[in-house]
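The values are calculated or read from the model by the stated rules, or taken from the named source; none is laboratory data. Note that this is a predicted model, so its numbers are computed, not measured. Cβ sites come from the backbone with ideal geometry, for glycine too, and all protein chains shown count toward neighbours.
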Amino acid sequence: MLTVRHGCATDVGRLRPENQDSMHAGHGLFLVADGMGGQPAGDQASKLVIAELTALAQPISRPALEAGIRRANDRLLAEGRQDPDRYGMGTTLSGLAVLDTDQWAVLNVGDSRVYRYADGRLAQLTVDHSAVQALVDAGLLDARAALRHPRRNVVTRSLGTQPPPVPDIALRDPVLGERFLICSDGLTNELSDAEIGSLLAGAEDPQQAADQLVEQAVLAGGRDNVTVIVVQLEGIE
């Protein structure tokens, strides 16, 4: 059994008229969904996906988690068929789940992210499903140039598509004291990994870390909605 503390925070930012991010934190499930900007009902898409996954029975198995993500995708498609105003609705999804094996499941569809901070080091655990990341992977673009690329917000995998997207799911054994960060790209588009790591290192508790990360992202520009969950592992039984 894993004992955790968590903190979460969100902000609409300085430019967006509404917050299309949704999140859930608690009961062994920590999720951030970022409704697709420029598409209809992005805020509703992110809410629907979170609602579908939080309905999963506890404890969660990996097959149940995978099935829940498929159902969430099917629900978005069904909503779009029933309501023309919702046709094409989509969202990213990233998160962390405590499985029935007492392992972490790190999951991702899109360009929201999961990081791990431990032993003074920040590591990105997810890989962005984006046009820019594909260029980086092909050796056509370096990481610094990717931050300024005009297609940096083009997502290549999201929920609400047919055929259903294949989520990235990786299992990890827990390590006492580690911290995880789950966030929408409103954070990572404003703060560097070095800045994120420094804030995670300096905060006394997960809620303080979450508040400071969101505050600094808004101060740095706040060009998008910003949502953050910080999870800290405090006990393993």
Item to complete: Report yes if some residue within the range 101-121 is of a type in the set (A, V, I, L, M, F, W, C), assigned to a strand (DSSP E or B) and farther than 24 Å from GLY35 by Cα; otherwise report no.
Response: yes
Worksheet, complete the sentence: Exactly one of GLY139, GLY88 is modelled with pLDDT under 95, part of a loop (DSSP other than H, G, I, E, B) and closer than 26 Å to THR54 by Cβ, and that one is GLY88
Discussion item. Checking ILE60 against (1) touching a strand residue (DSSP E or B) at 6+ places or on another chain (Cβ under 8 Å); (2) among the β-branched types (Val, Ile, Thr); (3) over 28 Å from ALA209 (Cα atoms), only one condition comes out false. Which one?
Written reply: (3)
Worksheet item: Going by the conditions given, is GLN103 more than 16 Å from VAL231 (Cα to Cα), more than 15 Å from the chain's Cα centre (by Cα) and surrounded by fewer than 22 Cβ atoms within 10 Å (Cβ to Cβ)?
Response: no
Worksheet item: When you look at VAL218, is it modelled with pLDDT under 95 and of a type in the set (A, V, I, L, M), yes or no?
Response: no
Item to complete: Go over the candidates LEU65, LEU99, LEU48, LEU31 one by one and state the one that is within 26 Å of ARG5 (Cα to Cα) and free of Cβ contacts under 8 Å to residues at least 60 places away in the same chain.
Response: LEU48
Response to the item:
If we ask which residues in the range 30-58 are at pLDDT 95 or above and in a loop (DSSP other than H, G, I, E, B), their number turns out to be 2
Response to the item:
Of (1) under 21 Å from ASN19 (Cβ atoms); (2) in a loop (DSSP other than H, G, I, E, B), GLN207 satisfies every one except (2)
Practice prompt. Only one of these is free of Cβ contacts under 8 Å to residues at least 60 places away in the same chain, part of a helix (DSSP H, G or I), farther than 21 Å from HIS6 by Cβ and in contact with a helix residue (DSSP H, G or I) (Cβ under 8 Å, 6 or more places away or on another chain): ARG81, ARG75. Name it.
Written response: ARG75
Worksheet item: When you look at ALA25, is it out of contact with any helix residue (DSSP H, G or I) (no Cβ under 6 Å at 6 or more places or on another chain) and surrounded by 20 or more Cβ atoms within 10 Å (Cβ to Cβ), yes or no?
Response: yes
